[in-house]
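Working notes, beginning with the structure itself.
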Amino acid sequence: MVKARNFDVKDIKLAEMGRQRIEWAYREMPVAKLIRARFTKEKPLKGIRISGCLHITTETANLGLTLKAAGADLVLCASNPLSTQDDVAAALVEFGIPTFAIKGEDCDTYYKHILAALDQKPNITVDDGADLVTVLHTKKKELLKNLIGGSEETTTGVIRLRAMYKAGQLKYPLIAVNDADTKHLFDNRYGTGQSTIDGITRATNVLWAGKRVVVCGYGWVGKGLALRLKGFGSKVIVTEVEPVKGLEAVMEGYEVMPIAEAARIGDIFITVTGDKNVIDKAHFMAMKDGAIICNSGHFNVEINIPALEKMAVSTRTIREYVQEFKLKDGRSLYLLGEGRLINLAAAEGHPASVMDMSFADQALVMEYIVKNRGKLEVKVHDVPPEIDKEVARLKLRAMGVTIDTLTAEQKKYLASWQEGT
Ligand SMILES: NC(=O)c1ccc[n+]([C@@H]2O[C@H](COP(=O)([O-])OP(=O)(O)OC[C@H]3O[C@@H](n4cnc5c(N)ncnc54)[C@H](O)[C@@H]3O)[C@@H](O)[C@H]2O)c1
C-alpha cells in the first residue's frame, strides 16, 4: 500500500495499532465486506474524487477502504475536534488515504483540515453534521461546479441542509443517509444509546443503578439511551418539547417534566436534542452539588458552557474528560468531554456492527449518485427505498436470520379493497 503524501495526523507511528483495530472492527461489518467485494470487481467509483468529513474511527476507516476499493480518490477530515482516533488516522494515511484529523485539534485546525480535504476538488461529499458542505457553500463556492452529489450522515446535518435548501442556498443534490430506516432506527437508537453510556462510564466510572438520569430529547437517540439506562437500574427522567414524544416517554414508564424541574433532582444530565442551550444558566443554578452534565447530540451547543464558565469561581480537570466547575455557593458541577459528543470523545463511538449498516447505506448511496450523475434534482433527497431494503436484507443474511415472503394470495389480498369481514 502506498502511503498518502499529504496528511496531518498526530503520529504516523500509531499506524500499526490503528490497522489492527480497523481489522478488528471489520469482523463485525459483514455487509461492508459484501459491498467491498462487489465494488472491488466492478469499480463503480472509478476516478471519482470524494471528500469525507466524518468521525475518524475504525468503522469510518472501513468505509474509506471500501470507497477506495471502488476506485474513488478519497480524502478524509474529522467531523468533530474530539472524535478522532489518532491511530486510525495514521493507519488511513498508511493505506494511502490522505487524512487530516487530530484528536483535540482547536477550531482553527478543524476548519483548516476541512479546507485541506476540499483541496482535491471533490465530485462527491460525505458529511457528518454539514460543516464541510457549509464551507463549500460559503468559503469555497468556486468548487461547487465540480459536485455531482453528496450525502449527510446525521440528524443535525440533515436539518441544516434542509434549512439551506429552504433558503434557496443549496447548490447540489444531497442525500439524507440519516433518514434511511437502516440508519437512524439502528445507529441513532442502539448505537448512540449504548456508546453514550459507554463514554460516560469510561469518563467517570459511575454506577448507573439508582441514579436519577435526565435524558433531554426523546427522539431516536433519546429512546435508545433511556431504555438502556432503565436496564441499568437508573431512574430515568425525560424532557421534551414535542407533545407526542413526551407522551411516548410517559407510556414507556419514564418520568416526564420540564428541564427546570428535572434540574433540581437529576444526578446525571445527558442532552440529545440537536438543539441549543437546552441546559442553561437557570438550570445550573438549580442543580445539586456533584451533578454530572454531558451531551451526545452533534454539536457542543446543547449545554450553555459559556454561562457555566462565567458562573464558576474556579475550574480544574479532575480526571480525563471530567471538568469540575466550582460555583460561588460551594457546589461543584462536572462537565464531561467539553460538552462534545461524549460517546466519541470519551469512548469509541458506535460499535462496528451498527455502523456496518449506516456505512453500507453510505457506500451504496455513493454508487447511486454516480449512476444518476446529472439526473438528481438539487434538493435534499431520501435514500432510495431499494437501498434501505438491500442493506436490511444483507444484514439479516449475515446474521443468519431468515424471514417469510408473501404468498401470491397474500400479495393479491394486500393490494385489494373488495374483501372485508
Ligand atoms: N453521538 C452520536 O454519535 C450521534 C449519533 C446519531 C445522532 N446524533 C445527534 O444526536 C442528536 C439527536 O438525534 P436524533 O436522531 O435523536 O434526533 P431526533 O430529531 O429524532 O430527536 C431530537 C428530539 O429532541 C427534542 N428536542 C428539541 N429541542 C428540545 C429541548 N429544548 N428540550 C427537550 N427536547 C428537545 C425534539 O423534539 C426531538 O424529539 C442530533 O444532534 C444528532 O445529529 C449523535
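The values are calculated or read from the model by the stated rules, or taken from the named source; none is laboratory data. Just so we're clear, the structure is a prediction, and the values are computed from it rather than from any experiment. Neighbour counts are summed over all protein chains in view; Cβ atoms, including those assigned to glycine, are modelled from backbone coordinates with ideal geometry. Note: areas computed on protein heavy atoms with side chains; ligands, DNA, RNA excluded. Shrake-Rupley method; radii C 1.70, N 1.55, O 1.52, S 1.80 Å.
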*Given 5 Å bins starting at zero, what is the percent of C-alpha pairs of the stretch 60-161 in each, up to the one with the largest pair distance?*
2, 13, 23, 26, 22, 11, 2
_Cross-link candidates for Lys379: which aspartates and glutamates have Cα within less than 20 Å, leaving aside residues fewer than 8 places away along the same chain?_
Asp127, Asp128, Asp131, Glu142, Glu152, Glu153, Asp179, Asp181, Asp361, Glu367, Asp388
*Taking amide H positions as placed in the peptide plane 1.01 Å from N, state which residues far from Arg212 in sequence (5 or more) or on other chains have amide H under 5 Å from it.*
Lys235, Asp267, Ile268
*Quick one: net charge of Tyr110's neighbours, Cβ under 12 Å, K/R +1, D/E -1?*
-2
*For Ser314, what charge total do you get from the other residues with a beta carbon under 14 Å from its beta carbon, if Lys and Arg give +1 and Asp and Glu give -1?*
+2
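What is the extension gain from Thr402 to Arg27, computed as 0.36 nm multiplied by their sequence separation minus the C-alpha to C-alpha distance, in nm to one decimal?
Values: separation 375, 0.36 × 375 = 135.00 nm, distance 2.10 nm.
So the chain would gain 132.9 nm between Thr402 and Arg27.
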*Of Lys140/Lys276; Lys43/Lys166; Lys112/Lys171; Lys33/Lys68, which pairs sit farther than 24 Å apart, going by alpha carbon to alpha carbon?*
Lys140/Lys276; Lys43/Lys166
*Of the peptides 63-72, 299-308, 406-415, how do they stack up when ordered by the mean number of other Cβ atoms within 10 Å, highest first?*
63-72, 299-308, 406-415
*Residues with amide H under 5 Å from that of Leu74, placed H, sequence gap 5 or more*: Ile50
*Using a cut-off of under 18 Å, list every residue of the stretch 103-139 whose amide N is near the label point 7 Å from the Cα of Asp11 along the Cα-to-beta-carbon line.*
103-105
*Using a 1.4 angstrom probe on heavy atoms only, work out the carbon and sulfur share of the accessible area of the stretch 75-184 in %.*
54
*Based on the Cβ-Cβ distance from Arg49 to Tyr111, what FRET efficiency comes out when R0 is 22 Å, to the nearest 0.05?*
0.60
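Rg over Rh of the stretch 214-256, using C-alpha atoms and the Kirkwood radius, what does it come to? Before the final figure, lay out each step's value.
Working: Rg = 9.0 Å, Rh = 9.9 Å.
Taking Rh as the inverse mean 1/r over Cα pairs, Rg/Rh reads 0.91.
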*What ranking do 327-334, 191-198 get when scored by the average of other Cβ atoms within 10 Å per residue, highest first?*
191-198, 327-334
*Quickly work out the Glu142-to-Lys310 label distance, labels modelled 7 Å from Cα along the C-beta direction, and quote it in nm with one decimal.*
4.1
*the chain, dipole about Cα centre (Lys/Arg Cβ +1, Asp/Glu Cβ -1), debye to the nearest 20*: 700
*State the answer as a single residue: which of Gly47, Ala90, Met29 lies farthest towards the positive end of the charge dipole of the stretch 1-111, with beta carbon charges of +1 for Lys and Arg and -1 for Asp and Glu, about the Cα centre.*
Gly47
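Once you list every other residue whose beta carbon is under 12 Å from the beta carbon of Leu82, what net charge do they have if Lys and Arg are +1 and Asp and Glu are -1? Walk me through the numbers on the way to the answer.
Details: positive: Lys103, Arg340; negative: Asp86, Glu105, Asp106, Glu320, Glu338.
Once positives and negatives cancel, what remains is -3.
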*asked:* Could you derive backbone 3J(HN,Hα) for the stretch 82-98 from the dihedral phi with the Karplus parameters 6.51, -1.76 and 1.60 (θ = phi - 60°), listing whole Hz in sequence and x where the residue is Gly or Pro?
replied: 10, 9, 6, 9, 4, 5, 5, 4, 5, 5, 4, 4, 5, 7, x, 9, x
*Please build a GNM for the chain, connecting alpha carbons under 10 Å apart, and tell me which residue among Gly274, Gly222, Gly47 fluctuates the most.*
Gly47
*asked:* Using only the alpha carbons of the stretch 131-183, what is the convex hull's orientation-averaged projected area in square nanometres?
replied: 3.6
*Take the Cα atoms of the stretch 6-133, find their three principal axes, and give me the spread along each one in whole Å, biggest first.*
40, 31, 24
*Which whole-number percent of Cα pairs in the chain have a distance greater than 35 Å?*
31
*Just how far, in whole angstrom, is the stretch 1-37 from the stretch 152-230 if you go by their alpha carbon centroids?*
25
